[in-house]
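The values are calculated or read from the model by the stated rules, or taken from the named source; none is laboratory data. None of the values given here were measured: they were computed from a predicted structure. Cβ placement follows ideal geometry from the backbone for every residue including glycine, while neighbour counts extend to all protein chains displayed. Please note that ligands, DNA and RNA were not included when accessible areas were found on the heavy atoms of the full protein model with its side chains. Shrake-Rupley method; radii C 1.70, N 1.55, O 1.52, S 1.80 Å.
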Amino acid sequence: MRTTLSCPYLVASGTAAVWLAALALGCGARGDPLPPLRPIPPAIPELRTDQVGIEAILSFAPPSGRFVFGNAEVEVESVELLMLAERYPAISPEMLAVALDQERVTRLRDAREATGRVRDDGRRRRIQEQLRVASERALAAGEEPPTLESLGLLPETTEEEEEPGEARTAEELLLRKVPRNVLQEWREADLLPHMVLDAARRLEAAVDLLWDELGLPTAIVDLRQPPAMPEPVELVAAATHVARGLAYEGSLDVVTFLERASVVASFAYADLATEIVDGRMVIGRPVGIPSPGPIRTRYYFAVRVASGGKYEGGINVVAALAPIAVPVAPSETSAAVSPSGVTLHWLPPGGDLWGELLAPEQLRYNVYRRRADETRFPSQPLNDEPLETTTFTDTAMGWGDSYVYLVRAQNAPVAARQAEAAIAQDDPGTARSPRKEGAGDESTEVDVVDTFPPESIGGLEATRAANRVTLRWTSPLVSTVAGFRVYRHQAPVVSILAPDPPASSAESADAAAEAALQDADPDADLCPALPDLSILAASSEEPEASPDSTPDTEGEGTRQPGGRWRQLNSLVGAGWDPLTPTLITAQLYIDPVAARAASWLYLVSAVDEVGNEGPLACVEVRAEQEP
């Protein structure tokens with residue numbers, strides 16, 4: 001008999017002193033020498049698997065390029081992808097309908113047996129009471145005590161009672177709930193025994209869900225009124241709804257996986273940078289269109305690190321994916337910039353990978369976004385929950401950036417997906433696929449340029465004190481207002497953009513204006529109609545110089561993208577005095593040089609952080625009449 005002692009000292013260090021200490025303690029004293037230590041890389045701690053169209057998408061945190069082994073650093077050479085494919089039986093609506101009827105029969109039988117047990121218990125108590133009374137009478141008369149046979153009270157036996165040796169295991173009872181023809185099909189398909197049991201558990205959970213969805217009673221209390229099966233149309237619709245929502249991701253321990261899996265891809269660590277998106281390594285693996293037949297294929301995946309010398313690391317997680325017939329891609333995805341963000345619209349897909357038509361209520365959507373200079377979309381959508389409508393507004397974009405959007409469709413969740421939790425085994429080493437969606441439809445590149453002015457200020461009022469005019473107002477309720485502009489012109493004016501008359505008739509016009517001002521109704525409004533000059537700003541193509549714009553050194557114009565400051569230029573060019581060469585942030589302005597003998601008009605506007613100027617607000621200050 002060969003004996004080998006373990007030497008933990010040799011694992012911890014390789015110094016000469018430790019080796020001598022190990023020999024003194026008897027390590028390696030007899031038996032074969034211990035195998036050499038190997039530089040085993042650490043395991044990848046987590047793995048996520050999704051379905052996108054006909055591909056399995058795996059993502060995980062990239063491993064470090066080096067790890068410490070003893071006193072040295074070992075370089076990681078590659079990352080390997082392992083895969084195992086196995087067949088499993090799918091649950092069809094027809095199978096569910098047959099199993100539901102069998103469940104109804106089983107529950108009726110159980111209710112009858114429970115009622116019979118109650119009846120038998122009552123009869124047993126009556127027999128015991130009769131035997132007690134007869135025994136007391138016999139004892140008083142000095143006779144032999146009677147027996148059940150002499151009294152004719154022997155308990156009745158039924159052919160349905162099972163002998164003690166016929167007790168069934170939990171697995172046998174579970175398989176009895178599967179319709180015989182279904183169980184026969186599973187066995188003829190050469191499915192492994194554990195696959196048959198797993199399918200039986202899923203069928204049992206699905207039948208319970210169908211029972212609840214049809215509103216059948218949870219308990220049968222009156223055998224004279226057993227639960228009736230629903231109408232065929234209702235039964236088929238409910239069974240189809242439940243079957244469509246079932247998930248088949250199973251659990252598989254690491255040891256069993258390694259015994260049957262194989263390496264299907266290897267990625268050199270130096271090339272991993274091209275596979276990393278948002279800090280996670282993303283790998284795609286084709287899995288094809290799932291079979292619509294009763295026997296389908298499910299996949300198990302794992303990733304591990306390999307170091308120099310082809311030493312493979314351990315595996316912590318085995319991720320499962322059972323592909324389904326996801327919807328095909330949406331179409332005609334469009335994006336438009338609005339003040340609240342980028343609003344997307346698209347058309348729903350016409351069906352799924354099997355060619356089946358899908359109603360709008362059967363669809364949900366996810367929206368993804370990438371920068372225009374990027375090539376891959378992130379794995380996480382912009383929306384927190386799948387969308388029920390074919391529109392979405394991205395409010396987290398950055399003004400001045402350019403983006404491309406992608407929309408994918410997925411099947412609407414149904415209550416049957418809860419069956420997976422009901423039959424899942426508590427195995428922390430197995431990760432389940434949280435998302436299954438179809439291929440996506442991309443929008444064209446969107447330039448997110450802010451050309452939307454803020455709203456008008458509110459509550460503009462003016463008060464005169466001698467030659468000073470004080471203006472007060474309230475700011476629009478938006479956080480992007482950077483400041484305000486104030487303009488002034490002597491009243492009256494012909495219009496905002498043409499306040500002064502032509503020079504040829506200036507003298508007669510001044511006289512007419514003065515006479516009109518004297519004869520005017522003192523309560524009449526001197527402010528003319530205010531046009532929406534922000535339209536002029538937004539439609540301007542060639543920017544013009546403005547007092548608070550800084551010309552560039554190349555002589556190509558001023559910093560006025562989209563003509564944002566054309567409103568200021570137009571007013572100044574029309575003769576309005578810009579009282580605020582730079583923006584003011586206070587909601588108050590004091591004009592110290594407003595002559596008392598003249599009437600004045602003031603315009604105030606809000607300006608946002610990128611230079612868009614909002615609508616004008618006008619207030620008048622009339623001349624003071626001499627006593």
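Annotations
- Convex hull volume of the C-alpha atoms in the range 201-347, normalised per residue: 262 Å³.
- Sparse-neighbourhood loop sites, GluC sites (Glu not before Pro) in the range 571-627 - DSSP loop, at most 16 other Cβ within 10 angstrom: 609, 624
- The range 185-287: trypsin sites (Lys or Arg not before Pro) in DSSP loop, at most 12 other beta carbons within 10 Å: 224
- Within the accessible area of the range 305-395 (1.4 Å probe), percent carbon and sulfur: 50
- Taking a ≥ b ≥ c as the square roots of the eigenvalues of the Cα gyration tensor, the range 260-334 is oblate, since a/c reaches 1.5 or more and a/b is not larger than b/c.
- Under the Karplus curve 6.51 cos²θ - 1.76 cosθ + 1.60, θ = phi - 60°, whole-Hz ³J(HN,Hα) for the range 244-260, x wherever Gly or Pro sits: 5, x, 5, 10, 10, 5, x, 10, 8, 6, 4, 4, 5, 4, 5, 5, 10
- Protein-only accessible surface order, largest first, of 379, 443 at 1.4 Å: 379, 443
- Listed residues 289, 584, 91, 590 arranged by accessible area, highest first, probe 1.4 Å: 289, 590, 584, 91
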